[in-house]
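Quick notes on the structure that follows.
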Amino acid sequence: MLSRSPFVLLLVAASLLTAQAPATLAPAVRTDFTPGAGNTVDANFTFQFDRGALQFREQNGTVEALVNFTARITALTGGSVKNVDQLLEFRGPQDQLTRLQTGVLLYRTTVQLVPGRYTLSIATKDVIGKSTVTSTVALDVPATPAPIA
């Protein structure tokens, strides 16, 4: 017989897995929606990368991490709506490497979209470490609120 409920055991197991999870190159994604021009909605994306997952290269007293980042927004009909391709560069002094490997690297962009369902596909490549991660998530863009008369 269990001394704790299965729900509590599940929470404990999940917290242990979270505490031991290694840094990952896949970014956390936050999307905020604001009214755009006409019938569009501004989708404000924030991509958060764990700097501990990045490989740094030392060169001339500085260290740098480079990330090739691609995000593709696709309509459910299969047509590509918007592509974002960006090389993210993060640099600092060599004697600060330990500090630079902690925290997050943020990338923000805004895309105008018509309300509806989309797919957000993300590809991230650590240029120095040569590792690549891809992910795909559903993106539901809400209807624009009606203007106040």
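Of all the residues in the stretch 32-45, those that are exposed (fewer than 15 other Cβ atoms within 10 Å of the Cβ) and assigned to a strand (DSSP E or B) number 4. If the condition is being assigned to a strand (DSSP E or B) and either in contact with a His (Cβ under 6 Å, 6 or more places away or on another chain) or not small (Gly, Ala, Ser) (or both), then the stretch 114-133 contributes ARG117, TYR118, THR119, LEU120, ILE122, THR124, LYS125, ASP126, THR132, VAL133. Candidates are the residues of the stretch 85-122 that are touching an Asp or Glu at 6+ places or on another chain (Cβ under 7 Å) and of a type outside the set (Asp, Glu); the one that is farthest from THR31 (Cα to Cα) is GLN94.
Selection of the stretch 101-118 for residues being touching a Leu at 6+ places or on another chain (Cβ under 9 Å) and closer than 17 Å to PHE49 by Cβ yields GLN101, LEU105, TYR107. When GLN86, GLN96, GLN59 are screened for being polar (S, T, N, Q) and surrounded by 12 or more Cβ atoms within 10 Å (Cβ to Cβ), only GLN86 passes. If I filter the stretch 54-113 down to residues being among the small types (Gly, Ala, Ser), in a strand (DSSP E or B) and in contact (Cβ under 8 Å) with a residue 24 or more places away in the chain, which single residue comes out as farthest from THR136 (Cα to Cα)? Ranking the candidates gives GLY92 first. Screening the candidates GLN20, GLN55, GLN48 for the property of being polar (S, T, N, Q), at pLDDT 90 or above and farther than 30 Å from GLY116 by Cα yields one hit, GLN55. Within the stretch 45-71, the set of residues being closer than 16 Å to VAL127 by Cβ and hydroxyl-bearing (Ser, Thr, Tyr) comprises THR62, THR70.
The values are calculated or read from the model by the stated rules, or taken from the named source; none is laboratory data. Because the structure is predicted, anything quoted here is derived from the model rather than measured. Cβ atoms come from the backbone with ideal geometry, glycine included; neighbour counts cover every protein chain shown.
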